[in-house]
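**Student:** Structure incoming, see below.
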Amino acid sequence: MDHSNSEHDRVPNPTKVIHFPKTDILVPSQTNITQEYIEYFKDGLPSNFIEVSPEIFFNSPDNPTLVAKQRIMRAKDVRRKRHEGGYIRMTQESMNAGNSLMNEFSLVEEIQQVVNSEEAQQFAKEKGFEGLAYVRPIIGIINRENGKKYMVYPFIEGKQWYTSPPGMIIEDHEPVQPLINLFEEKGINPEDLIPRQFRIGPDNWMYLLDTDQYHKVPNRP
């Protein structure tokens, strides 16, 4: 996988919507995916995608290359403990599922720039990894017949960075506080940035994914 995606650093990334009889397909306007690839999803999530855990689907259970994450609207109570260099997060309701697809695409390039930055790479190295990479979403699916919505990503082999002990999720932000601060400095609120958002690949890189709840900080250019 290309870890830097440096060729995308300065390319704007508005989203285009392609309408089919059953679905709306969302893709970045700057993309190299083909019309044939887009049409593969024209009837919704293809039948070869198997649900492997709630809201997570692999296109092959044995040798996956793609992962689809179903987006649903849910109330979300996010609290973060104030500590030196940190801040308190307010309780907030999640954006609806359709808007989360558009939102994630709209911030791809800005998130990529933060991930590529010297500060973010240094963060990963200090944690003992080779570097930090961003898993960019490929395509969004809105199935108008059943109301289901999905974002499709490249499958990243590896494991979750770590999962906190029961009852400790409220503290999960602390290992990634330097990254939270960095995103804030760049005008992005990383709403649900916690260690569980990272996978560690066999190449010992950290992979950031699933950024649908990130949004622009108000009153920032």
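**Student:** Can you report the number of residues in the stretch 186-221 which are under 17 Å from His173 (Cβ atoms) and part of a strand (DSSP E or B)?
**Tutor:** Matching residues across the stretch 186-221 total 6.
**Student:** Among the residues of the stretch 108-123, are any of a type outside the set (S, T, N, Q), in a strand (DSSP E or B) and in contact with a strand residue (DSSP E or B) (Cβ under 8 Å, 6 or more places away or on another chain)?
**Tutor:** Checking the stretch 108-123: not a single residue is of a type outside the set (S, T, N, Q), in a strand (DSSP E or B) and in contact with a strand residue (DSSP E or B) (Cβ under 8 Å, 6 or more places away or on another chain).
**Student:** Collect the residues in the stretch 44-62 that are out of contact with any strand residue (DSSP E or B) (no Cβ under 9 Å at 6 or more places or on another chain) and either of a type in the set (Phe, Trp, Tyr) or outside any loop (DSSP other than H, G, I, E, B) (or both), keeping them in residue-number order.
**Tutor:** Scanning the stretch 44-62 gives a single hit, Ser53.
**Student:** Go through the stretch 199-220 and give me each residue that's at pLDDT below 95 and out of contact with any Gly (no Cβ under 7 Å at 6 or more places or on another chain).
**Tutor:** Leu209, Asp210, Thr211, Asp212, Gln213, Tyr214, His215, Pro218, Asn219
**Student:** Consider Phe41 carefully, then state whether it is within 19 Å of Asn146 (Cβ to Cβ) and part of a loop (DSSP other than H, G, I, E, B).
**Tutor:** So Phe41 fits the description; yes.
**Student:** Right, another one. List pairs: first in the stretch 38-61 and closer than 11 Å to Phe20 by Cβ and surrounded by 14 or more Cβ atoms within 10 Å (Cβ to Cβ), second small (Gly, Ala, Ser) and modelled with pLDDT of 95 or more, Cβ under 9 Å, 6+ apart or cross-chain?
**Tutor:** Matching pairs, first to second residue: none at all.
**Student:** Another question about this same structure. Looking at Asp192, is it modelled with pLDDT under 90 and within 23 Å of Asn63 (Cβ to Cβ)?
**Tutor:** Answer is no for this residue.
The values are calculated or read from the model by the stated rules, or taken from the named source; none is laboratory data. These numbers were taken from a predicted model, which means no experiment stands behind them. No Cβ is skipped: glycine too gets one built from the backbone with ideal geometry, and neighbour counts run over all protein chains shown.
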